[in-house]
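Heads up, the thing below is written out as structure tokens.
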Amino acid sequence: MSDTHKAAPMVDEVSDFEILEMAVRELAIEKGLFSAEDHRRWIEYVHTLGPLPAARLAAKAWLDPDFKKLAVADGVKASLAVGIDWINGPPTKFGTPSDYCSFRVLEDTPKVKHVVVCTLCSCYPRTILGQSPEWYRTPNYRRRLVRWPRQVLAEFGLQLAADVEIRVVDSNQKTRYMVLPLRPIGTEGWSEQQLTEIVTRDCLIGVAMPQPGVTSNAKRPVHPAVHPIHTGH
Ligand code: FE
């Protein structure tokens, strides 16, 4: 490698939060609250999580009106049908209970569109949706969605008619949400598997709507923010 083209460091400096996490983890292991092996199994489990169970839940609700009623009335119970047990916890049989909460399924209608945010931090139904996308945790999304929901959805490429009411729902420590979006036209006769594939993570947060042929979050135009929040970073 030449001297004129130096390689960038592979990792950034460790943040204060990472140091705090390591310190608390090592103290907890020393104190016997859990073992290093328990921690490894937990982290491996967390990395297996993704939005597929929530997408299946939505597809099942589209296909079965009784299941939809159950999902809207009791999201925790309905989650069992897609292999997610909020009460008895993950297959490791241990782990943080911070994700155990009231899990609510918000049903969109032709006149009401739900969209989820955590204005305080980044609360997210990780058990059924996996890790949150980076933008979900940004101050721009969190602060702007509650002020200018129609504008922010338009920036995501979701243009809603003026007579559609937008309900912004704020997650918190104990209550987490997923959106049950409208089943799009052009999906008549589709199987549960076909329907599941078009319910992307962004549809479940509420910033996108399912469309036949769109199975990825990346295929939509993203428009620049009109009133970006400047955080000073
Ligand atoms: Fe939060």
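Here, each number is a calculation from the coordinates, and none is a lab measurement. None of these values were measured; they are calculated from a predicted model. We place every Cβ from the backbone using ideal geometry, glycine too, and count neighbours over all the protein chains shown.
Structure values in brief
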| item | result |
| --- | --- |
| For the chain: relative contact order, % (alpha-carbon pairs under 8 angstrom, 6 or more apart) | 22 |
| Loop-located trypsin sites (Lys or Arg not before Pro) in the stretch 99-157 whose Cβ has at most 15 other Cβ within 10 Å (DSSP) | K111 |
| Beta bridges by DSSP in the chain, antiparallel share as percent, to the nearest 5 | 10 |
| Directionally averaged shadow of the chain, computed from the convex hull of its alpha-carbon atoms, nm² | 17.3 |
| Cleavage-rule hits (trypsin sites (Lys or Arg not before Pro)) in the stretch 2-65: DSSP loop, at most 14 neighbouring Cβ within 10 angstrom | K6 |
| Estimated FRET transfer efficiency when R0 is 35 angstrom, pair Q173-S216 (beta carbons, to 0.05) | 0.65 |
